[in-house]
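Report on the following structure.
What follows draws every value from the coordinates through simple rules; no lab data is involved. Everything numeric in this text was worked out from a predicted model, so none of it was measured. Note: ideal-geometry Cβ built from the backbone for every residue, glycine included; neighbour counts use all protein chains shown.
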Amino acid sequence: MTPTRVIGIGETVLDILFKDDQPQKAVPGGSTFNSIVSLGRAGVNCAMVTEVGGDHVGDLTCRFLRDNGVSTEYVCRHEQMKSHVSLAFLDEHNDAQYVFYKDHASATLDGKLPEFTRDDVVLFGSFFAINPAIRPVVGALLRAAREAGAWLYYDVNFRKNHIADLPATLPHIEENMRLADVVRGSTEDFGYLYGLHDGDAVYRRVGPLCHTLILTDGAGPIRLYTSEGCERYPVAAIETVSTVGAGDNFNAGYIYALMRGINTPALRIEMAQRWSQDVCRQIGNNISDALVASLAV
């Protein structure tokens, strides 16, 4: 059965992008948020489970979701909280170095939450999915989705600045892997988590935890690990304008292929790369109007 709805669970931030130390663009973002907005732009039925402040940035974020076809039914508004901000500084290779302004300890998810069905896809990841402050709520949501028969996609996306949190969060990361149908992570993620950089060694470590592992390695080949073995897919070289949102839109493209009923792994990876590369050719977090138009053909 082909799923009919995608629910994203993750944080929101206002991304301010800099090039040569000068601001270029400000747009609502966040890892899962970026994926869900691109899926909404492509006409997929989407909703976002997140929280925002009761400020102008929160208003902007909710409006941005609605304008891109994403339901805000499960967005928690906290009137006394300031929305989060991220500064992304693009280097000479157009890769981003981030500075975050947010308070993870103040996170709460106390608004309306979704009820899942087997027709749902659930996308989740990053620190929001393992943050001890909200893990009881997020963990319960993910387990409910699994029990309902939903299809779960977990993007590890573990950043260096959270290494000190590993003793408290690694059990949550590994539970997320066990709950997910697909786990996507980079060699950098697993280097931070386990000190492992070789793909086969990573799969030997996490294979017992997950059904399918998609391992990305920058410009290196994408590896798809299952119990049947490993398939490798080359990454085409392109001229990039910004790599912000590249991984997020890889996730979105993979899920879009699933929603279209594409069951061949190679074709799902091809769609994922198409979406990721589209975002890399522009300043912004989401797929372009041109790609949206081509999907309708």
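Take the alpha carbon atoms of the range 198-257, find their center, do the same for the range 59-136, and report the distance between the two centers in whole angstrom.
Between the Cα centres of the range 198-257 and the range 59-136 lies a distance of 23 Å.
Have a look at the DSSP beta bridges in the chain and tell me what percent are antiparallel, nearest 5. Don't skip to the end; give the middle numbers.
On the way: 22 of 57 bridges.
Of the beta bridges lying entirely in the chain, close to 40 percent run antiparallel.
Over the range 1-147, what is the mean sequence separation of C-alpha contacts under 8 Å (at least six apart), divided by residue count, expressed as relative contact order in percent? Let's see the in-between values first.
Details: 296 pairs, mean separation 41.7, N = 147.
For the range 1-147, the relative contact order is 28 percent.
Quick one: compute a quarter of the convex hull surface over the Cα atoms of the chain and quote it in nm². Working shown, then result.
Values: hull surface 57.4 nm².
Projected area, direction-averaged: 14.3 nm².
Using +1 on the beta carbon of Lys and Arg, -1 on that of Asp and Glu, and nothing else charged, what's the dipole of the chain about the Cα centre, debye to 20?
Values: 26 positive and 36 negative charges, 108 e Å.
Roughly 520 debye for the chain.
Counting pairs of alpha carbon atoms under 8 Å apart in space and at least six apart in sequence, what relative contact order in percent does the range 147-281 give?
Details: 195 pairs, mean separation 23.5, N = 135.
Taking the mean separation of contacting Cα pairs over the length of the range 147-281, I get 17 percent.
In nm, to one decimal, how far is the F18 label point from the E79 one, both placed 7 Å along Cα→Cβ?
According to this spin-label approximation, the distance is 3.5 nm.
Which of the trypsin sites (Lys or Arg not before Pro) found in the range 84-132 are in a DSSP loop and have at most 12 neighbouring Cβ atoms, other than their own, within 10 Å?
Working: sites: K102, K112, R118; in loops: K102, K112, R118.
Taking the range 84-132 and a limit of 12 other Cβ atoms within 10 Å, the loop trypsin sites (Lys or Arg not before Pro) found are K112, R118.
With only alpha-carbon pairs counted, each pair once and no self-pairs, how large is the Kirkwood hydrodynamic radius of the range 44-156 in angstroms?
On the way: mean 1/r = 0.0642 Å⁻¹.
About 15.6 Å, per the Kirkwood formula over Cα pairs.
Can you work out the PRE-style zone for D181? Point 7 Å along Cα to Cβ, and I want the residues of the range 116-140 with backbone N under 17 Å.
From the range 116-140, the list is 116-125.
Across the chain, where is the longest run that never hits GluC sites (Glu not before Pro) in a DSSP loop with at most 13 other C-beta atoms within 10 Å?
Details: sites that count: E73, E79, E92, E115, E228, E239.
Within the chain, the longest run free of exposed GluC sites (Glu not before Pro) spans 116-227.
Take the Cβ-Cβ distance between A144 and K102 as r, set R0 to 35 Å, and report the resulting FRET efficiency rounded to the nearest 0.05.
Details: r = 26 Å, r/R0 = 0.76.
E between A144 and K102, to the nearest 0.05, is 0.85.
Once label points are set 7 Å from the Cα along Cα→Cβ at both A164 and E92, what is their separation, rounded to one decimal in nm?
Output for this residue pair reads 3.2 nm.
Sequence gap at least 6, Cα distance under 8 Å: using those rules, report the relative contact order of the chain to the nearest whole percent. Write down the numbers at each step before the final one.
Values: 621 pairs, mean separation 49.7, N = 297.
That works out to 17 percent.
State, to one decimal in nm, how far the label point of L60 lies from the label point of D289, with both points 7 Å from Cα in the Cβ direction.
Those two pseudo-labels are separated by 2.1 nm.
Okay, helix-only estimate at 222 nm for the chain: each DSSP H run of n ≥ 4 adds -39500 (n - 2.57), divide by all residues, round to 500 deg cm²/dmol; what do you get?
Working: 9 runs with 104 residues, N = 297.
After summing the helix terms and dividing by residue count, I get -11000 deg cm²/dmol.
Mind checking which of F124, A168, P234 is farthest towards the positive end of the range 5-295's charge dipole, using Cβ charges of +1 (Lys, Arg) and -1 (Asp, Glu) about the Cα centre?
About the Cα centre, the residue reaching furthest to the positive side is F124.
Between R260 and V241, 0.36 nm times their residue separation minus their Cα-Cα distance comes to what?
4.0 nm
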